[in-house]
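In what follows, a structure is listed as C-alpha cells, so that the remarks can point back to it.
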Amino acid sequence: MHPSRRPLIAGNWKMNTTLADAHILADGVRQELEHEEKVDVVLCPPSIWLGFLAERLGPGKVAHVSLGAQNCHPEMKGAYTGELSTEMIKEVADYVIIGHSERVQYFHEKPDFLLHKIEAAFRAGLTPILCIGEVEQVAGSTKKLVQELNHIVRSLTHAQLEQLVVAYEPVWAIGTGNVATPEYAQEVISLLRTVLTEKTRILYGGSSNDENARGLLAMPDIDGFLVGGASLKLKSFVTMVKIADQLA
Ligand code: PGA
C-alpha cells in the first residue's frame, strides 16, 4: 500500500448466496466495519440482490461501504435479453466489475467490449473495477499483460485512468489456494501501473484471504484486494479489511 492511495477491498460473491445469506453477510460487514473508515469496502453480490441490499448500502448510504455489480452491458438500453445497463446499476450500486476472467473464459468477452463497458460505467457515474491477469505463468506473460491492459484502456482520459480501479488477478491463482507471492504480485502490478497513473488503485485478486493479506498489503503498489472465496466468510473478509485499515 502507498499512503497516497486509499485502500479498497471488494468482495466478489460470484453466483453464491441466497437472499437470506446476502442480508446476513451484508449486515455483518456493515456492523463489523463501521469504524474502518480508512478503507473503501465494496460488496458485489449477484445483481438480483442489489436492490434489496441497496436499502442499507446503496448510493449515498454508508460512506465507506458500497455495493458493486459483477458485470454490465455497454448499451444504455434496448433488446439485450438478460443484461443490465450501467444506468440501471447506478440506481443501486457505485461500482461495477468488468472483464472478470470467468466472463472472458465462459462468455468470450473481448478487449474492445471491455473498453465499451468501462466507458459506459463512467458515463453512468460508476467506478469500474477492470480485471486483468495471465492464464499461465510463462516467459513473456507479464509483458503481454501490460500490452493487453494498454490496449483496453487506450482511449481513456488521464482523469478516467485515475478513477479506474484495476484488479490484477492471475487466473492460475483464482480459487486454487495458489496465491501469488507478494514479490511476484508487486512486480507485475508495478509494471501494470506504467500504463495507468500513480493515483490508480490496483488490487490483487486470487486466493487472497485473512492469512496472506498482510504480506501482500506490505507491497507498495498493492492497494487492496478483489476477494472471491474469502468474501463469503464474514470473519475472513472483515479481518482483511481490518488489516488494511491498520496499515493505512
Ligand atoms: P478467489 O477469487 O479469491 O476465490 O481466488 C478471486 C476472484 O475471482 O475475483
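The values are calculated or read from the model by the stated rules, or taken from the named source; none is laboratory data. Quick caveat, the model's predicted, so the values are computed rather than measured. Glycine gets a Cβ as well: all are built from the backbone with ideal geometry, and neighbour counts include every protein chain shown. The protein model used for the area step is the full one, side chains on, heavy atoms only, and it has no ligands, DNA or RNA in it. Shrake-Rupley method; radii C 1.70, N 1.55, O 1.52, S 1.80 Å.
Worth a mention:
- Per the conditions (1) open to solvent by less than 20 Å² (accessible area, probe 1.4 Å); (2) within 10 Å of the ligand (Cβ to nearest atom); (3) hydroxyl-bearing (Ser, Thr, Tyr), the sole criterion not satisfied by Thr197 is (2).
- The listed residue being open to solvent by 40 Å² or more (accessible area, probe 1.4 Å) and in contact with a helix residue (DSSP H, G or I) (Cβ under 7 Å, 6 or more places away or on another chain), out of Gln163, Gln105, Gln147, Gln137: Gln137
- Residues located in region 210-229, provided they are over 15 Å from the mean Cα position of the chain (by Cα) and more than 15 Å from Leu247 (Cβ to Cβ): Glu211
- Counting the residues of region 4-24 that are open to solvent by less than 10 Å² (accessible area, probe 1.4 Å) and hydrophobic (A, V, I, L, M, F, W, C) gives 5.
- Test: Thr197 is over 13 Å from the mean Cα position of the chain (by Cα) and of a type in the set (S, T, N, Q): yes
- Contact map, region 101-122: residues that are part of a loop (DSSP other than H, G, I, E, B) paired with residues that are modelled with pLDDT of 95 or more, Cβ distance under 7 Å, separation 6+ or inter-chain. Pairs shown: Glu109/Gly99; Glu109/Arg103.
- The listed residues are Val166, Val238, and the only one of them that is away from the ligand (no atom under 11 Å from the Cβ), in contact with a Lys or Arg (Cβ under 8 Å, 6 or more places away or on another chain) and of a type in the set (Val, Ile, Thr) turns out to be Val166.
- Tabulated pairs, region 141-159, first farther than 16 Å from Pro111 by Cβ, second open to solvent by less than 30 Å² (accessible area, probe 1.4 Å) and part of a helix (DSSP H, G or I), C-beta under 6 angstrom, 6+ apart or interchain: Thr142/Val188
- Residues that are within 18 Å of the chain's Cα centre (by Cα) and either modelled with pLDDT under 95 or surrounded by fewer than 18 Cβ atoms within 10 Å (Cβ to Cβ) (or both) within region 86-102 are absent altogether.
- Tallying residues that are open to solvent by less than 10 Å² (accessible area, probe 1.4 Å), under 25 Å from Leu115 (Cβ atoms) and either hydroxyl-bearing (Ser, Thr, Tyr) or free of Cβ contacts under 8 Å to residues at least 40 places away in the same chain (or both) within region 33-56 yields 0.
- Enumerated helices (runs of 4 or more DSSP H) restricted to region 161-248, each holding at least 2 residues that are among the acidic types (Asp, Glu) and more than 21 Å from Ala121 (Cα to Cα): 182-193
- Residue in region 57-68 that is part of a loop (DSSP other than H, G, I, E, B), away from the ligand (no atom under 16 Å from the Cβ), at positive phi and surrounded by fewer than 16 Cβ atoms within 10 Å (Cβ to Cβ) present: yes
- Scanning region 83-122 for residues that are more than 20 Å from Trp49 (Cβ to Cβ) and within 16 Å of the ligand (Cβ to nearest atom) yields Gly99, Ser101, Val104, Gln105, Tyr106, Phe107, Glu109, Leu114.
- The residues in region 224-237 that are within 15 Å of Gln31 (Cα to Cα) and open to solvent by less than 10 Å² (accessible area, probe 1.4 Å) can be counted, and the count is 1.
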